[in-house]
Amino acid sequence: MPSDPDPAPRRGYHHGNLREALLDATRDLVAERGPQGFTLSEAARRAGVSPAAPYRHFKDREEVLAALRRQGVERFGQRLQAAAAEAAGPAEALAGMGPAYLAFAREEPGHYAAMFAFQPGSTEASPFEGMVQAIAEVLPVDGPDPRLVALQIWALSHGVAMLERVGLPPGTGAPPPEQILDAGVAALLGQPG
């Protein structure tokens with residue numbers, strides 16, 4: 001009797017939570033290969049289901065990626081809000097968002113990459129909206145525009161996170177990423193670094 005060359009076990013549609021399993025598999029593939037480097041059939045194989053099973057929950061690969069992006073934005077916002085909630089005051093809360101951003105990029109590379117795989121014309125929530133909300137909660141009512149502060153901290157944090165991902169410019173003697181973020185946020189807030 002010939003053996004089945006496919007290592008994934010054959011089974012019917014009795015997966016405990018297929019949608020989450022597909023998102024987990026997609027997250028892992030995106031972390032390994034980037035947002036454009038996976039197929040829906042690969043995600044299905046990693047989830048241990050047939051190539052047709054994903055279509056019970058998702059129209060196509062772009063819909064899976066959009067769901068992963070939304071999940072990432074939600075988790076990212078939760079991380080920023082948690083960092084702000086642990087702080088003693090607004091300045092400390094804002095200073096804590098940079099390291100929270102960097103930690104998310106390190107610990108959730110699949111979500112992080114999916115979040116920045118923007119689709120032209122998309123009206124979906126972006127990581128920026130989560131930052132604005134978290135920053136608005138810690139700024140004084142008569143303080144600076146939370147959208148401007150969020151954009152500045154986002155640009156700084158994203159730049160440092162991306163540089164770290166590619167291995168900060170070698171031989172530059174650059175300080176650790178956390179130190180770069182601390183000094184940058186302090187400068188944005190007009191505080192001594």
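The values are calculated or read from the model by the stated rules, or taken from the named source; none is laboratory data. This one's a predicted model, so the numbers in the text were calculated from it and none came from an experiment. What goes into the accessible areas is simple: the full protein's heavy atoms, side chains included, and nothing from ligands, DNA or RNA. Shrake-Rupley method; radii C 1.70, N 1.55, O 1.52, S 1.80 Å.
What the table below lists for this structure:
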| read-out | value |
| --- | --- |
| Table column - 3J(HN,Hα) (Hz), segment 88-97, Karplus curve with 6.51, -1.76, 1.60, x for Gly and Pro | 7, x, x, 5, 5, 5, 5, 5, x, 6 |
| Accessible area of segment 45-193 belonging to carbon and sulfur atoms, whole % at 1.4 Å probe | 57 |
| Calculated from backbone phi, Karplus (6.51, -1.76, 1.60) coupling profile of segment 19-26 in Hz, x at Gly/Pro | 4, 5, 5, 5, 5, 4, 5, 5 |
| Probe 1.4 Å, accessible area per residue of segment 29-134, Å² | 44 |
